[in-house]
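A.B. asks: For reference, the structure I am asking about is given below.
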Amino acid sequence: MSIAVIYGSTTGSTAEIAASIASALGADCLNVAEVSADKLAGYDALVLGSSTWGAGDLQDDWEANIGALECANLAGKKAAVFGTGDSLGFADTFCDALARLRDAAVAAGATMVGAGAVEGYDGVASRVFENGQFIGLPLDVSNQPELTDARVAAWVEKLKGELA
């Protein structure tokens, strides 16, 4: 199975997490600024990552190239989302960029995997939280950096089963 981890990162945190996920999954790790719809459609599964800025905005490279995801033919493919945000300062828009990536992937035909538990997060009321769980892996590397590695490792193990 061919897997790509596609990320947009401004400060480097999301890029580091993307590299860790790609390594653990044996996946290609690609900056969204350098992908096309055809390249995305060439993979069996996509793991999409973005930081969230302002009031729930996508990272700039994703914003500029979201069309590649929206136009990709992802029918029969799986996708998962992860990202970074500030759960304390922006609880109502924490990791909302993940919902935008998820919506674009679903519209392109992908089946979503990687929904996760909400233990250890307080007061999150954003679009990343649906039906009692997170739609992917939201990370708060600013306020909870000590939890990031364990959260990523647990999520990757979950993904391995769901992507198989």
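The values are calculated or read from the model by the stated rules, or taken from the named source; none is laboratory data. Model, not experiment: these values are computed from the prediction. Don't worry about glycine lacking a Cβ; one is built from the backbone with ideal geometry, like all the others, and counts go over all protein chains shown.
A.B. asks: Could you tell me which of the residues GLU146, GLU162 is over 29 Å from MET1 (Cα atoms) and part of a helix (DSSP H, G or I)?
C.D. replies: GLU146
A.B. asks: Got a sec? Which of ALA75, ALA108 is in contact with an Asp or Glu (Cβ under 7 Å, 6 or more places away or on another chain) and over 24 Å from ALA55 (Cβ atoms)?
C.D. replies: Every option except ALA108 fails the conditions.
A.B. asks: Within the stretch 109-121, does at least one residue satisfy the condition of being surrounded by 22 or more Cβ atoms within 10 Å (Cβ to Cβ), modelled with pLDDT of 80 or more and of a type in the set (Ser, Thr, Tyr)?
C.D. replies: For the stretch 109-121, residues surrounded by 22 or more Cβ atoms within 10 Å (Cβ to Cβ), modelled with pLDDT of 80 or more and of a type in the set (Ser, Thr, Tyr): absent.
A.B. asks: Given the options ASP92, ASP57, ASP96, ASP86, name the one that is crowded, with 19+ Cβ neighbours inside 10 Å, closer than 29 Å to TYR121 by Cα and of a type in the set (Asp, Glu).
C.D. replies: Among ASP92, ASP57, ASP96, ASP86, only ASP96 is crowded, with 19+ Cβ neighbours inside 10 Å, closer than 29 Å to TYR121 by Cα and of a type in the set (Asp, Glu).
A.B. asks: Being of a type in the set (Ser, Thr, Tyr) and free of Cβ contacts under 8 Å to residues at least 60 places away in the same chain is the filter here, so list the residues in the stretch 1-59 that pass it.
C.D. replies: SER2, TYR7, SER9, THR10, THR11, SER23, SER36, TYR43, SER50, SER51, THR52
A.B. asks: If you take the residues in the stretch 16-34 that are under 25 Å from PRO145 (Cα atoms), among the hydrophobic types (A, V, I, L, M, F, W, C) and surrounded by fewer than 17 Cβ atoms within 10 Å (Cβ to Cβ), which one is nearest to the chain's Cα centre (by Cα)?
C.D. replies: Among those residues, the one meeting the criterion is ALA19.
A.B. asks: Could you please find all residues in the stretch 134-156 being over 15 Å from the mean Cα position of the chain (by Cα) and more than 15 Å from ILE17 (Cβ to Cβ)?
C.D. replies: The answer is ASN143, and nothing else.
A.B. asks: Continuing with the same structure: Test each condition in (1) of a type in the set (D, E, K, R); (2) farther than 20 Å from SER20 by Cβ; (3) touching a strand residue (DSSP E or B) at 6+ places or on another chain (Cβ under 6 Å) for GLU130 and report the one that comes out false.
C.D. replies: (3)
A.B. asks: Next up: Taking the stretch 35-54 as the search range and keeping residues that are aliphatic (A, V, I, L, M) and closer than 17 Å to ALA22 by Cβ, which one is surrounded by the fewest Cβ atoms within 10 Å (Cβ to Cβ)?
C.D. replies: Selected residue: VAL35.
A.B. asks: Here is a list: PHE129, PHE94. Which entry is farther than 17 Å from VAL5 by Cα and touching an Asp or Glu at 6+ places or on another chain (Cβ under 8 Å)?
C.D. replies: Just a single option satisfies the conditions, and that option is PHE94.
A.B. asks: Let me ask something else. If a residue must be closer than 19 Å to ASP44 by Cβ and surrounded by fewer than 18 Cβ atoms within 10 Å (Cβ to Cβ), how many such residues does the stretch 144-156 contain?
C.D. replies: Here the count works out to 0.
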